[in-house]
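Enquirer: I'd like to ask you about the structure that follows.
The values are calculated or read from the model by the stated rules, or taken from the named source; none is laboratory data. What you see is a predicted model, and the numbers here were worked out from it, not measured in a lab. In this analysis, Cβ positions are derived from the backbone assuming ideal geometry, glycine residues included, and neighbour counts consider all displayed protein chains.
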């Protein structure tokens, strides 16, 4: 029944809570790092806060003399550690700043004389107030954020209160007996005792109480930890399933290479969380998540050969290190193993669900291959589509299905849900997410950090990939430039230089192509978020559903 | 199972109940069940002395609908520490009336005789054929009344010994000895109005396996959906078979923390998905109770380990209700008459509730 695996979302220790010391330089630094942590670990909180903030540029002044500017940007928040002129200005000293985070304080205590000031129109001030309220209520639940604020408290020399939230009941004449909350505080080894770690809830306090079933609603998940855990679960499953047999050096070691290099863990997270959201056990989805990752890695091996890529996940591509014939063969091996892994679900999920999984896998592979064929055909014919819709159609097939749609649908099937209408609704939501994901992927290839992204810089330009930025550029430039670009793209990759690619990138920046692509990605992610709220009401609220919500916002704020 | 009928919120027909009902009309307990909401339960829960296996059984008689025959349901839920849970459907085979100390009052008997508690899933396993022995005095009966015409009466008894054949279908059948808890319940309630409860027990084994436990603890917290004045809580402590400490609700505090990982919760029986079972609130990871009486006090800390979500068809709607049977480790500290005690033993806690909070129609 229980395999003894760790459940996702639970095992990782956030940095700073144990061992690693966090140093906060100033109040502005604290705010900036809080927002950075949110964008990385709980992007849906940042997206919701951005929605409240709207177009307001908020100038922040702190009691320690530091300043920062907070603004919304593409469904997310951005902090600049410098002051800009904004329509709304806020002043926090340390008392009010810490009270902002400490929900135990009443508003009247927060607004002490000289501790807080705000200037702006009433409407804008209220929008800022809602933004901070949302951040205070939802970000306080994240342990990585707690660690930052705990470190700041310590840097100020303040005692760290350990409370259960609220004034609590009269303890009564208990004498030497500690209360139940005291017992509970000692129950979680290594639990952080930060000011707002208030997981203890009182069911009955001698006078009144509330049912245990009303206590814990769905909470915001730390997506960063969850994706890492899901990635590891799937990678472990893959490495377990690759047989220990000959030929090792020519096949099985090569098949292990890409899965062992890591990745984001997006597909396993979608697969496992969807299974949980539909009432299934996350363990039931690990094997199918591993199968999807195997297909993905096989696609990557073949894709790298087709695109003549050099690097993958921070190292040389498989064909660069071992030659094209062995790489093609290893990709074939992974495809075969993936099929075998899908079939192996029979003993865990039964025949009916496994047949449904196979059906979905066939659809996923067909869509991906067709999408890849469309793009390779464009490159072969030296064609660049003029309409965004052509690009959207291509990436929906090439990436959308196997990166977002199918992992979700497979997770639902693993939980026993095969109703076409519900699967289609789920697919519609994550189809939008898949588009946003691929556009962001293309953007990162141009302007992302190479260490994080893991591929050679400007690789897409060198490969002549038809990205949204390129399509926008071709629409924006003069006919003369257009002809020059087509000529450059028509040359073999070996004849296109990095310097030329940098020139094209600069032209894209001048034409606003990258900003345009960012906006399109944000629009698709926002559409996905709206559909998520409007059409997936049939999925009960749960932690797993909250994770799916986080993923929608992750796709266009991710850095890798 | 009955389902889909209008819920009889009023008192049983023809009965002048006055302002509240606190129990069945007529000579208790041999009074016919008045309607579909009234029920009698015999509840059994045991943990083997090697702490590897446990069982929970519930034998229910439910009032008939429209003057028909009462409905009986029998569920046997088995647990193995390594292999998890196995469960019968709601109609496990019960060859004869089971043992209950409440039907056969008298001094404890320990001499061996034929099994008097036999229960078997129609699938073959899980199945038990046990001889049960009472070693401890029963607790005083508890009463909770709520929603004017709804009430629940119960009486618990810890330290019940079980010896005999135990086949959970997960490991080979064996002869074993277990110690546990027995309870009878008589009540009339609908699940949404019932709110929820937390019941639990532990037995600290003594030197001899055929005698009463050194210590035993039973606790209950009932929280109907009505006002807090209707909430009931109690903790009781037994010392070598005699109840020695009772903490009433005004001297108790109950708290929970964390969540039991969802993968530690198994939904049973296997037909449960057919009922359109929806998600429930996460089960707490830790339950703590502290209470006092004068200078005496008690602290309980229960760490949940594994749970079975036993789905119960509702008598009044198509939406099922869930009772979570949770296995875990209990630590008990208590101070009585100036001396302190500390012991730890496995325990079973039942978390039930949330029927009124969630429904598919509300979520749509």
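Enquirer: Please specify each residue of segment A:539-560 satisfying the condition of being at pLDDT 85 or above and in a loop (DSSP other than H, G, I, E, B).
Expert: A:539, the sole residue that qualifies.
Enquirer: Tell me which helices (runs of 4 or more DSSP H) are completely within segment A:199-286 and hold 2 or more residues being within 14 Å of chain B (Cβ to nearest Cβ) and either at pLDDT 80 or above or closer than 26 Å to residue A:328 by Cβ (or both), or say none if there are none.
Expert: A:223-241, A:266-277
Enquirer: Same structure again: It is to be established whether one or more residues within segment A:344-351 are in the same structural domain as residue A:250 (by TED's automatic domain parsing), closer than 17 Å to residue A:298 by Cβ and within 28 Å of the chain's Cα centre (by Cα).
Expert: Taking every residue of segment A:344-351 in turn, none turns out to be in the same structural domain as residue A:250 (by TED's automatic domain parsing), closer than 17 Å to residue A:298 by Cβ and within 28 Å of the chain's Cα centre (by Cα).
Conditions tested, residue by residue: (1) facing another protein chain (nearest Cβ under 7 Å); (2) in a strand (DSSP E or B); (3) over 19 Å from residue B:200 (Cα atoms); (4) modelled with pLDDT of 90 or more.
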residue: B:234; (1), (2), (3), (4): no, yes, no, yes
residue: B:238; (1), (2), (3), (4): no, yes, no, yes
residue: B:244; (1), (2), (3), (4): no, yes, no, yes
residue: B:247; (1), (2), (3), (4): no, yes, no, yes
residue: B:259; (1), (2), (3), (4): yes, no, no, no
residue: B:274; (1), (2), (3), (4): no, no, yes, no
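The rows are residues; the columns are (1) crowded, with 16+ Cβ neighbours inside 10 Å; (2) touching a helix residue (DSSP H, G or I) at 6+ places or on another chain (Cβ under 6 Å); (3) within 15 Å of residue A:39 (Cα to Cα); (4) modelled with pLDDT of 80 or more.
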position: A:74; (1), (2), (3), (4): yes, yes, yes, no
position: A:83; (1), (2), (3), (4): no, no, no, no
position: A:92; (1), (2), (3), (4): yes, no, no, yes
position: A:100; (1), (2), (3), (4): yes, yes, no, no
position: A:107; (1), (2), (3), (4): no, no, no, no
position: A:111; (1), (2), (3), (4): no, no, no, no
position: A:119; (1), (2), (3), (4): no, no, no, yes
position: A:123; (1), (2), (3), (4): no, no, no, yes
position: A:143; (1), (2), (3), (4): yes, no, yes, no
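Enquirer: Just for segment A:353-373: of the residues that are free of Cβ contacts under 8 Å to residues at least 40 places away in the same chain and surrounded by fewer than 19 Cβ atoms within 10 Å (Cβ to Cβ), which one is farthest from the chain's Cα centre (by Cα)?
Expert: My answer is A:355.
Enquirer: Can you work out which of the residues in segment B:181-196 that are assigned to a strand (DSSP E or B) and crowded, with 23+ Cβ neighbours inside 10 Å is nearest to the other protein chains (Cβ to nearest Cβ)?
Expert: B:196
Enquirer: Another question, if that's okay. Check off (1) without any contact (Cβ under 8 Å) to a residue 40 or more places away in the chain; (2) at the interface with chain A (Cβ under 9 Å from one of its Cβ atoms); (3) under 24 Å from residue B:39 (Cβ atoms) for residue B:267 and give me the number that stays unchecked.
Expert: If we test residue B:267 against (1) without any contact (Cβ under 8 Å) to a residue 40 or more places away in the chain; (2) at the interface with chain A (Cβ under 9 Å from one of its Cβ atoms); (3) under 24 Å from residue B:39 (Cβ atoms), just (1) comes out false.
Enquirer: Looking at segment A:290-303, is at least one residue surrounded by 23 or more Cβ atoms within 10 Å (Cβ to Cβ), part of a helix (DSSP H, G or I) and in contact with a strand residue (DSSP E or B) (Cβ under 8 Å, 6 or more places away or on another chain)?
Expert: no
Enquirer: Specify which of the listed residues (A:468, A:425, A:444, A:452) is at pLDDT 90 or above and under 22 Å from residue A:557 (Cβ atoms).
Expert: Exactly one residue qualifies, and that residue is A:468.
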